[in-house]
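Visitor: Okay, handing you the structure first.
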Amino acid sequence: MADQVQQFDFDNLEVIKFPVKYRGNWYVGIEANGETGQRYHNANFAAVRALREGQAGEDKGLADVELMLVGRCLYTASQVEPNQGEFFEWGGEPIWLEIDKAVGREVVKSWPVRVIKPLYQKLKEISQLSESENTSLESLKNQREELDKAIREMEGMEESTKNE
C-alpha cells in the first residue's frame, strides 16, 4: 500500500521569471499563480460560452483572456545596483531588477498586439496554461458526447423508476 503513495517535493521549485524591456522600461514576466490560473480558465470558458451563444463582445472575447493574463503576470521593474534585486541575464550581461507591481489590463490593452501576443504565449507556456485541453473543438465535442451519454443514462434511470 505504501508503494502507491505519491510524494511531491516542491522545496526547490522556483517561480519562473523573465525580463522584458519595452519603450525603455523594464518589466518582469512571472508565471501565473493559482488565482490567475483560475481567472484564466474561467475567462476562457466564459469567452467560449459567449461565442457559442453569439454574445461575444468587449470583456467577453478570447482576446480579453490575453489582456488579463499579461496584465496580471507582467510586473513593472526598475534596474538596481548589482546584488540588490533579482538577477537576470540580458544580452549575455547580468542585470538586477527590483520587481514592483502587476501592470494590469488597462496598461496592456494600449500596447501593440505584436508586443502582447508573444508575452501572452510565453506566460501561458511557463504557467502551463493551455486552453486546448478545455476549449478545442475536439475537446468540446468529446465533452458534449460524455454529457449526452450521462443524460441518456440518467433519463433511463428516471424512466425505470417511473415504471416501478
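Only the coordinates and a few stated rules stand behind these numbers; no lab work does. This structure is a prediction, so every number in the text was calculated from the model and none was measured. Heads up, the Cβs are rebuilt from the backbone with ideal geometry, glycines too, and the neighbour counts pull from every protein chain shown.
Visitor: Give me the number: length gained by fully extending Met154 to Asn12, i.e. 0.36 nm times residue separation minus the C-alpha to C-alpha distance, one decimal in nm.
Guide: Contour length minus the Cα-Cα distance gives 46.4 nm.
Visitor: OK, next. In whole percent, what relative contact order does the chain give with Cα contacts below 8 Å and a gap of six or more residues?
Guide: In percent, rounded to a whole number, it is 21.
Visitor: Just one of (1) 22.0, 80; (2) 20.5, 61; (3) 15.2, 45 is Rg and Dmax of the Cα atoms in Å as worked out from the coordinates here. Which one is it?
Guide: Read-out from the structure maps to (1).
Visitor: Find the relative contact order for the range 45-128 and round it to a whole percent, using C-alpha pairs within less than 8 Å whose residues are 6+ positions apart.
Guide: 29 percent
Visitor: Excluding same-chain residues fewer than 8 positions from Lys124, which lysines have a Cα within less than 26 Å of its Cα?
Guide: Those lysines meeting the cut-off are Lys17, Lys21, Lys60, Lys101, Lys109, Lys141.
Visitor: Just tell me the longest site-free run in the chain, where the sites are chymotrypsin sites (Phe, Trp or Tyr not before Pro) in a DSSP loop having at most 15 other beta-carbon atoms within 10 Å.
Guide: For chymotrypsin sites (Phe, Trp or Tyr not before Pro) (loop position, at most 15 other Cβ atoms within 10 Å), the longest site-free span of the chain is 11-164.
Visitor: Right, next: Would you compute, from DSSP H runs of 4+ residues alone, the mean residue ellipticity of the chain at 222 nm, taking -39500 (n - 2.57) per run and dividing by the full residue count, rounded to the nearest 500?
Guide: Computed mean residue ellipticity for the chain: -15500 deg cm²/dmol.
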